[in-house]
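Please read the structure below before turning to the comments.
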Amino acid sequence: MANSTAQSSAQSAPSYTGPFITLTFLFFAFGFITTLNGTLVPYLRSVFTLPYGWAMLATSAFFLAYLIFSAPSAKLIDAIGYKRTMIVSLFVQVVGVLMLVPAAKMPSFPLFLAAIFVVGAGVTALQNAANPYVTILGPEHSAPARLTLAQAANSMGTVVAPLIAGAFILKGATELPATASVAERVSAAASVIHPYLFIAAVLFLLGVIVIGLHLPQVARATKSAAEEAAAAKRSIWSCRHTVLATVGIFVYVGVEVGLSAIAINYFKEQGVSSATIPSFLNPLCRLFTFRHISDLTPTGIAAFLLSLYWLGMLLGRLAGSWILTKIPAGKLLAVLGVAGTVLLLISMRTHGSVAIWTVVLCGLANSIMFPNIFALGVAGLGPLTSKGSGLIMSACVGGAIIPPIVGKVADYVGIQHSFIILIACYLFVAYFGLWGSKPTRVED
């Protein structure tokens, strides 16, 4: 009888493998789009002859959408569910990507920012739906490892994006001389049109595919009606670990976006060349770029190095999904926060290849930060999960605020000295991992 009950229970238990695989494709999509947006900074700086502070507004426009649309997208999830929110978000991204075409044809910097903002709104809704869906798509104790594995697919998108940018978007624009004519700048601006038309088509197709997929409703742990009512009345601001996770995401996204947005210019400033790349990485360069490293321009080499930064995040997340079964997420966060701090301090004090490679290695330090800050921040929220997710995801606006500050400081004292801002961010992540991530409730 007991055997029969166990078999019946096993048969009725939902299978989350298919939905999880589906989610990995969506994680790839928003990782690709987010990183591609960051690589527009050197493109915009060249085409519109902008200082770093102004060019970094491309990241501000994208991540400002997180502040404005995170709470509404959380309500959208409550109203129409996770799956429909994901579909809507993909089609919003299609609209934003298509807006980049007339922005490039004019070319118009304000229209570029508007298009990037719309894309950011779509990515915000997709992140708000996909991240919590993965965390509740199975046991709570394995949520950090599960989300870290899903974020590995996100990292695959971030690895590919700089290569696409280096080959099709940055190639002509960033090699423009300061004396380039208006006609030459218009021609260089048009380099984004065909890549973005292709991206719009892929996003549209992905949305159509998701429409036809079956994504099961995921039930939360059963609670009494009294417990549900009490939880629903709680303010999300009473959950200290969620509030601190919000700050953690704010500073982490600022680091990730700030480093990636300024990296290409930083690598070129440090004299990047084919000699910067160790010979054993030549096969990887051929695999990524279909060219030998000696055939690439300094911009192409810098874009390849940026893809290695993102590759470090991918490898770190793949390894992290296993390491997190052995080491508590909070402790690992603290270790990597300190590691990122040390790497940037070394980069600030050195020049050439050492300064370049310490920044590239920050990808490894960053690898598991986002999924673990997020998973620890929504742990134990129950019916408040969507509100917690909305609050935490709104903190991605750090990508709109911190990079322009870094860019402004870089304009005045140089890129290396601007890293002190990012170091402060890493130190907060270390604090959150050790002490701030422990779920405690602040009395109302």
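Tabulated values for the structure
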| item | result |
| --- | --- |
| Enumeration of residues in segment 323-334 that are surrounded by fewer than 14 Cβ atoms within 10 Å (Cβ to Cβ) and in contact (Cβ under 8 Å) with a residue 24 or more places away in the chain | Thr325, Lys331 |
| Subset of segment 47-76 [touching a Lys or Arg at 6+ places or on another chain (Cβ under 9 Å) and among the β-branched types (Val, Ile, Thr)] | Val47, Thr49 |
| Members of segment 237-279 that are among the aromatic types (Phe, Trp, Tyr) and at pLDDT 90 or above | Phe250, Tyr252, Tyr266, Phe267 |
| Where Lys387 falls short, out of the listed (1) out of contact with any Phe, Trp or Tyr (no Cβ under 6 Å at 6 or more places or on another chain); (2) among the charged types (D, E, K, R); (3) closer than 25 Å to Ala61 by Cβ | (3) |
| Single condition Val123 does not satisfy, out of (1) farther than 30 Å from Leu333 by Cβ; (2) at pLDDT 80 or above | (1) |
| Whichever residue in segment 108-124 is free of Cβ contacts under 8 Å to residues at least 24 places away in the same chain and assigned to a helix (DSSP H, G or I) and, among such residues, is farthest from His194 (Cα to Cα) | Pro110 |
| Answer residue from segment 272-328, given it is assigned to a helix (DSSP H, G or I) and among the charged types (D, E, K, R) and is nearest to Gly352 (Cα to Cα) among those | Asp295 |
| Failed criterion for His194 (all others in (1) in a helix (DSSP H, G or I); (2) exposed (fewer than 15 other Cβ atoms within 10 Å of the Cβ); (3) of a type outside the set (A, V, I, L, M); (4) at pLDDT below 80 hold) | (4) |
| Only one of Gly407, Gly398 that is in contact (Cβ under 8 Å) with a residue 40 or more places away in the chain and within 18 Å of Val247 (Cβ to Cβ) | Gly398 |
| Test result for Leu345, surrounded by fewer than 24 Cβ atoms within 10 Å (Cβ to Cβ) and within 17 Å of the chain's Cα centre (by Cα) | no |
| Those residues of segment 309-322 which are surrounded by fewer than 24 Cβ atoms within 10 Å (Cβ to Cβ) and either of a type in the set (Val, Ile, Thr) or out of contact with any Leu (no Cβ under 8 Å at 6 or more places or on another chain) (or both), in sequence order | Leu311, Leu314, Ala319, Trp322 |
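Listed here are the residues, each with its yes/no results for (1) part of a helix (DSSP H, G or I); (2) at pLDDT 70 or above; (3) over 22 Å from the mean Cα position of the chain (by Cα).
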position: Leu149; (1), (2), (3): yes, yes, no
position: Ser155; (1), (2), (3): yes, yes, no
position: Ile164; (1), (2), (3): yes, yes, no
position: Lys171; (1), (2), (3): yes, no, yes
position: Leu176; (1), (2), (3): no, no, yes
position: Ala188; (1), (2), (3): yes, yes, yes
position: Leu215; (1), (2), (3): no, yes, yes
position: Ala221; (1), (2), (3): no, no, yes
position: Ala229; (1), (2), (3): yes, no, yes
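The values are calculated or read from the model by the stated rules, or taken from the named source; none is laboratory data. Keep in mind that this is a model prediction, so the values were computed, not measured. All Cβ positions, even for glycine, are placed from backbone atoms using ideal geometry, and neighbour counts span all protein chains on display.
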